[in-house]
1. With springs only between Cα atoms under 10 Å apart, run a GNM on the chain and tell me which of VAL42, VAL170, VAL194 wobbles the most.
2. Divide, for the range 54-93, the radius of gyration over alpha carbons by 2.2 N^0.38 Å, where N is the residue count.
3. All other residues with a Cβ under 12 Å from the Cβ of ALA175 taken together, and with Lys, Arg as +1 and Asp, Glu as -1, what is their net charge?
4. Rg and Dmax of the range 139-187 over Cα atoms: what are they, in angstrom?
5. Share of Cα-Cα pairs in the range 42-140 beyond 23 Å, in percent?
6. With contacts defined as alpha carbon pairs under 8 Å and 6 or more residues apart, what's the relative contact order of the chain in percent?
7. Can you give the convex hull volume per residue for the Cα atoms of the range 118-220, as a whole number of Å³?
8. Determine, for PHE195, PHE159, the number of other Cβ atoms within 10 Å of each Cβ, and report the residues in order from fewest to most.
Amino acid sequence: MTRLPFDLGPPLGHRANFGLIVLRTDETIEHEARQVLQGDGVAHYVSRIPCETEVTMDALARMEAELPRSAALLPATHPYDVVGYGCTSGATRIGPDKVAAGVRAGIDARAVTDPLTATIAACRALGITRLGFVTPYLPEVSDAMRAALTAAGLEIAGFGSMEEPSDERVARIEAHSLRAAILSVAAQAPCDAVFLACTNLRALPIIAETEAELGKPVLTSNQALLWHMMVLAGLPTELLPFGALMRAGG
């Protein structure tokens with residue numbers, strides 16, 4: 001047998017190395033992340049976190065203990081520029097600071113973000129203060145998220161929810177239903193933008209067309225999270241075709 005020589009090149013993510021922690025039940029965010037976290041020298045790696053199918057405040061709280069173990073399953077050869085925790089309601093229940101601490105207990109990450117933190121950053125980048133708010137959640141979860149957004153200085157001008165407890169069913173809500181929900185909530189009262197919460201909603205493809213009809217920005221959990229990850233890593237987003245947020249910069 002001949003031992004063959006070889007050379008080592010730079011890591012795949014030599015421009016930006018991303019980690020993404022995804023709920024066991026989430027069928028959407030990985031597909032949408034592949035459309036955003038891409039480019040030469042950009043890598044993203046995914047780990048799953050155990051969770052329950054029914055989205056309740058108690059179930060969301062139980063994810064906190066799993067964060068270090070899930071983060072530790074990401075490849076650890078190189079440090080991460082940004083690790084995103086892909087759960088809007090989970091970040092609301094656990095709290096962004098505890099989410100970041102849990103992730104960093106399992107993996108070396110320069111920055112950690114989540115959809116709640118990212119949405120607040122997106123609103124600031126776009127100058128949004130009055131928000132239309134759409135969720136698929138049960139009232140207890142929606143109420144907690146409304147309180148978190150209000151505490152961040154955002155006024156909830158209009159609100160509506162599908163009140164669907166099953167994350168598996170949330171992943172199958174049709175695009176036309178999401179669009180109708182956004183337009184309905186926007187019509188309730190004057191607002192600067194509409195935020196569609198939940199990483200399991202298949203909303204990335206409808207953002208631009210709904211914005212064109214609405215005449216104002218549309219934010220979604222995945223869009224905001226992935227935008228924030230790009231911004232935190234110092235990567236440009238202006239050419240990505242996923243709404244006004246992508247042109248907002250950091």
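1. VAL42
2. The range 54-93 yields a ratio of 1.34.
3. +1
4. When restricted to the Cα atoms of the range 139-187, Rg and Dmax are 12.3, 32 Å.
5. Cα-Cα pairs of the range 42-140 separated by over 23 Å account for 30 percent.
6. 20 percent
7. Hull volume over Cα atoms, normalised by residue count, gives 86 Å³.
8. Ranking PHE195, PHE159 by Cβ neighbours within 10 Å, fewest first, gives PHE159, PHE195.
A short reminder: the numbers here are calculations on the coordinates, not readings from a lab. Bear in mind that the values here come from a model prediction, so they are computed numbers and not experimental data. All Cβ positions, glycine included, derive from the backbone under ideal geometry; neighbour counts span all protein chains shown.
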